[in-house]
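The block underneath contains the structure these notes are about, expressed in structure tokens.
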Amino acid sequence: MITAQKGTKDIYGEEINKWHFVENAMRKIFEKANYQELRTPIFEATELFARGVGDSTDIVNKEMYTFEQKGRSLTLRPENTAGVVRAYIEHGMHRLSPPVKFYYTGPMFRYERPQAGRQRQFHQLGVEVFGIDAPSADAEVIATAITFLNEIGLKDLELEINSLGCEKCRSNFREKLKAAILPRLDKFCDDCKMRYEKNPLRMLDCKNLECQSYLAEESIQNVIKSEFICTECQEHFEKLKSYLDELNIKYNVNKLLVRGLDYYNRTVFEIKSNSLGSQNAVCGGGRYDSLVETLGGIKTPAVGWAMGMERLMALISDFKVSRLDAYIISQSTKETLKLAQILRQKGYKTEFDMQGKNFSKGFEKALKSGAKYAIILGEDEISQNKITIKNLDTKEQQTITLEELFNKIE
RNA sequence: GCGAGUGUCGCCAAGCGGUUAAGGCCCCGGAUUGUGGUUCCGGUAUUCGUGGGUUCGAUCCCCAUCACUCGCCCCA
């Protein structure tokens, strides 16, 4: 038997209804907030991710599905911000009046060991806003995320925010942090030693307990807690917080929050759930003011986030499924096919007994299908050009013409 | 890349060394060819993830392997 590959899943049955529910909510909320959908290809030049996501990240170093095709190195997208930025640049969208706002959804690919909330092919939904420097864009993007999560009925989520500062204050901070850590460096884990060289900020969210304990030391904490970010960045962050307060959006400032991708600056945030197991981040995002330039465009500020669809699905319990309106019971396949088509054209979700054995079986199937009405199209009805409609909940039934039926409903 | 657990029908499972591998759900057929999910009867695993080994005998013990699940890491 050929089975689905490790870390991939078929989505069907009950599950697909959830996806439709979430996708419908997504369209509704993002369209209302004037985001436009952007669909980018599933594979891109490998270089896009190497430069965009950052070559110090695990994603680029060990998790990409890369293949050679006619001398080109291609990669299945591990995330979609780089692709959206590429499209933004390629189509000269800097000429559009800002903000330029996109949302997207689709499969992403990362070669990792699967576990709860983590697959090799998984789906993200995200938004990106280009061209706005002001913290209003950060607030808008976070507020839209919250609105969407509320729409699909998710509660008990925690929003964490932080500011990484801009390039200037960041490099300042980086040097101070390195200086504070240096005397203890040999105690940290191997990963942290590597991070120390490539991106020391990422040492802050190391999950290793020993590393955490060294980070907790006063000399290092003093640096972490110090307001290293410049006045401008600080103002930016303060404004964002005041907007969130105004919108009544609760948040915790987590100074240890560092997003794993290299492109973030200033605002970073994460939305977590306590009921998800160890992969508990539902949404992650932040500002990336230099990515457009890094990828060859003109310098354009931007902010966005991505959510993990599968993680959302794991949190959704109740949602409405559309019920079958009519189930046709008949032994005349021709008449049944015709009637089914008419009912479907009129907008009724309709199924029929394709085996057409006997009325008993037909009713049994009608009931199991969960339909509201059984429509009986027997010899008697056909000869009178009528139908018998039975409400399967109340058991009332009557024999009428189709015209009478539609008049009654309308 | 590292660590742990689990593999018996489509699903949930019992059996844990001894002749035909329980049971339940689902599905299918019949009792019941113009009216109901109930009930009753019947049907569905030459085989216990795969390959070796131990044994007179292995679903059961051992080894390997594969798959899945969970955790670390990382992230959404």
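Within region A:71-86, residues that are closer than 13 Å to residue A:51 by Cβ sit with their Cβ atoms under 8 Å from residues that are basic (Lys, Arg) and in a loop (DSSP other than H, G, I, E, B), at 6+ positions apart or across chains, in these pairs: A:83/A:77. Scanning region A:1-22 for residues that are within 16 Å of RNA strand B (Cβ to nearest atom), surrounded by 10 or more Cβ atoms within 10 Å (Cβ to Cβ), of a type outside the set (Gly, Ala, Ser) and touching a residue at least 60 places away in the same chain (Cβ under 8 Å) yields A:6, A:8, A:9, A:15, A:18, A:19, A:22. For region A:360-377, the set of residues classified as more than 43 Å from the chain's Cα centre (by Cα) and modelled with pLDDT of 90 or more consists of A:376, A:377, listed by residue number.
Count, please, the residues in region A:23-39 that happen to be buried (at least 18 other Cβ atoms within 10 Å of the Cβ) and more than 16 Å from RNA strand B (Cβ to nearest atom).
The initial filter retains those residues of region A:23-39 that are buried (at least 18 other Cβ atoms within 10 Å of the Cβ), namely A:25-26, A:29-30, A:35, A:38.
Adding the requirement that they be more than 16 Å from RNA strand B (Cβ to nearest atom) leaves A:25, A:29-30, A:35, A:38.
Residues in region A:23-39 being buried (at least 18 other Cβ atoms within 10 Å of the Cβ) and more than 16 Å from RNA strand B (Cβ to nearest atom): 5 in total.
Here residue A:317 meets each of (1) under 23 Å from residue A:14 (Cα atoms); (2) in contact with a Leu (Cβ under 9 Å, 6 or more places away or on another chain); (3) not charged (D, E, K, R) with one exception, condition (2).
Every residue, every condition in (1) touching a residue at least 24 places away in the same chain (Cβ under 8 Å); (2) within 13 Å of RNA strand B (Cβ to nearest atom); (3) more than 30 Å from residue A:226 (Cβ to Cβ), yes or no:
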{"residue": "A:106", "(1), (2), (3)": "yes, yes, yes"}
{"residue": "A:115", "(1), (2), (3)": "yes, yes, yes"}
{"residue": "A:122", "(1), (2), (3)": "yes, yes, yes"}
{"residue": "A:130", "(1), (2), (3)": "yes, no, yes"}
{"residue": "A:139", "(1), (2), (3)": "yes, no, no"}
{"residue": "A:153", "(1), (2), (3)": "yes, no, yes"}
{"residue": "A:163", "(1), (2), (3)": "yes, no, no"}
{"residue": "A:166", "(1), (2), (3)": "yes, no, no"}
{"residue": "A:174", "(1), (2), (3)": "yes, no, no"}
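Checking each residue in region A:253-288 for being modelled with pLDDT of 85 or more, more than 6 Å from RNA strand B (Cβ to nearest atom) and within 18 Å of the chain's Cα centre (by Cα) picks out A:268, A:269, A:270, A:271, A:272, A:273, A:280, A:285, A:286, A:287.
Conditions tested, residue by residue: (1) near RNA strand B (Cβ under 8 Å from one of its atoms); (2) in the same structural domain as residue A:83 (by TED's automatic domain parsing); (3) under 30 Å from residue A:159 (Cβ atoms); (4) not basic (Lys, Arg).
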{"site": "A:299", "(1), (2), (3), (4)": "no, yes, yes, no"}
{"site": "A:306", "(1), (2), (3), (4)": "yes, yes, yes, yes"}
{"site": "A:311", "(1), (2), (3), (4)": "yes, yes, yes, no"}
{"site": "A:337", "(1), (2), (3), (4)": "no, no, no, yes"}
{"site": "A:348", "(1), (2), (3), (4)": "no, no, no, yes"}
{"site": "A:357", "(1), (2), (3), (4)": "yes, no, no, no"}
{"site": "A:360", "(1), (2), (3), (4)": "yes, no, no, yes"}
{"site": "A:399", "(1), (2), (3), (4)": "yes, no, no, yes"}
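Residue-wise test of (1) assigned to a loop (DSSP other than H, G, I, E, B); (2) in contact with a Leu (Cβ under 8 Å, 6 or more places away or on another chain).
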residue: A:6; (1), (2): yes, no
residue: A:10; (1), (2): yes, no
residue: A:20; (1), (2): no, no
residue: A:29; (1), (2): no, no
residue: A:49; (1), (2): no, no
residue: A:83; (1), (2): no, yes
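Answer yes or no as to whether residue A:82 is assigned by TED's automatic domain parsing to the domain that holds residue A:48, at pLDDT 95 or above, on the phi < 0 side of the Ramachandran plot and among the aliphatic types (A, V, I, L, M).
Details: assigned by TED's automatic domain parsing to the domain that holds residue A:48: yes; at pLDDT 95 or above: yes; on the phi < 0 side of the Ramachandran plot: yes; among the aliphatic types (A, V, I, L, M): yes.
Yes, satisfied.
Residue-level analysis places residue A:233 among those that are in contact with a strand residue (DSSP E or B) (Cβ under 7 Å, 6 or more places away or on another chain) and assigned to a helix (DSSP H, G or I).
As for region A:180-194, it holds at least one residue that is within 12 Å of RNA strand B (Cβ to nearest atom), outside the structural domain of residue A:134 (by TED's automatic domain parsing) and part of a loop (DSSP other than H, G, I, E, B).
The values are calculated or read from the model by the stated rules, or taken from the named source; none is laboratory data. No experiment lies behind these values; they were computed from the predicted model shown. Glycine also receives a Cβ, built like all others from the backbone with ideal geometry; neighbour counts cover every protein chain displayed.
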